[in-house]
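First comes the structure, then the notes that go with it.
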Amino acid sequence: MQLNDTTAFNSIVPVDWLLFIFLLFMSFLYWNISKRIAFQLLYLTTLSIIVANIITLYFPFLYTDEALIPITASSVQAMMTFFAFFIPLARNRKEVGLFLLPPAVFSFLLLILTDIAVFTIVGGLLIGGFIIYSFYRTLDWIGGMPEPYLFIFSMVLPLFLAGIIFPNNEYMFYPGILLGSGIGVSLEIFKVRLQTENTTIPKRAIGLIIGFAGLAIFYGVDRILQPWLPLPELTKGIIIGLWITLFVPVVLIFFKLYERQGKSRVFF
């Protein structure tokens, strides 16, 4: 694969639109099922895309005698990370196979429809799977971290990753999501405390309409921010992360569509 062809497969399924589909699902999960699982899935999927982008920026190719082969494909890596997250939650081998099927089909279609190398597909699958493996191996350590440290970590890591990516503005969107969602979840846990149970279906439907409408609007907000801010993609990511994890829960409680679980807490 030549240098100018490294993004050919992204013209079929751009990773930003793939992430938008994932965000719709993760938002539904966050507002209605489990905030903890939804945030973990959002954080890991976005982190995987960031890792793929960093590899693309600094270690893009495997140099061979015949061609330059990309090490990973961000779309494949994101698919693998998203669906591999559910593998430890599977109850039997059949469910494991169902979770592995979407990234396998997606990879097969890319091989048919584009000139992407098999090595690139395998690289994306392995890196995405390794990110999930590392997360579950360190889950006890992360869960035992004091809450103030988790809040600080949720801000430091995205800023560190943004510093590595800068000045490539097109990739700054993803650290912005990490930063916005990390801050939003921390504030929601302490101050908002949305209760996802005991809500009627009509109220849930109204909440989803509000949440999805805002998500669709903010996904294109960088075009409005472009003339005004030096880092519009980072700003857009922060807004989307805050919208999903903090602003929508506040709106749902304010309009009495959902209830609050307990009272607000202090940070320290």
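The values are calculated or read from the model by the stated rules, or taken from the named source; none is laboratory data. These numbers come from a predicted model, not from an experiment. As a convention, Cβ positions derive from the backbone with ideal geometry for all residues, glycine included, and neighbour counts pool all protein chains shown.
Some notes on this structure:
- Test result for residue 181, small (Gly, Ala, Ser), assigned to a helix (DSSP H, G or I) and farther than 30 Å from residue 260 by Cβ: no
- Subset of the stretch 158-174 (residues that are surrounded by fewer than 20 Cβ atoms within 10 Å (Cβ to Cβ) and touching a residue at least 24 places away in the same chain (Cβ under 8 Å)): 164, 168, 169, 170
- Qualifying residue in the stretch 91-104 (condition: among the aromatic types (Phe, Trp, Tyr), over 21 Å from the mean Cα position of the chain (by Cα) and either on the phi > 0 side of the Ramachandran plot or assigned by TED's automatic domain parsing to the domain that holds residue 63 (or both)): no
- Top-ranked residue of the stretch 127-141 - restricted to ones that are surrounded by 13 or more Cβ atoms within 10 Å (Cβ to Cβ) and hydrophobic (A, V, I, L, M, F, W, C), ranked as farthest from residue 60 (Cα to Cα): 135
- Taking every residue in the stretch 27-41 that is touching a residue at least 40 places away in the same chain (Cβ under 8 Å) and farther than 19 Å from residue 201 by Cβ and pairing it with any residue that is acidic (Asp, Glu) and surrounded by 18 or more Cβ atoms within 10 Å (Cβ to Cβ), at least 6 positions away or on another chain, the pairs with Cβ-Cβ distances below 9 Å are 35/188.
- Test for residue 68: is it over 21 Å from the mean Cα position of the chain (by Cα), on the phi < 0 side of the Ramachandran plot and aliphatic (A, V, I, L, M): yes
- Test: residue 37 is assigned to a helix (DSSP H, G or I) and either surrounded by fewer than 23 Cβ atoms within 10 Å (Cβ to Cβ) or in the same structural domain as residue 136 (by TED's automatic domain parsing) (or both): yes
- Subset of the stretch 131-155 (residues that are under 16 Å from the mean Cα position of the chain (by Cα) and of a type in the set (Phe, Trp, Tyr)): 135
- Leading residue by the ranking (modelled with the lowest pLDDT) among those in the stretch 184-218 that are under 15 Å from residue 38 (Cβ atoms) and outside any helix (DSSP H, G or I): 197
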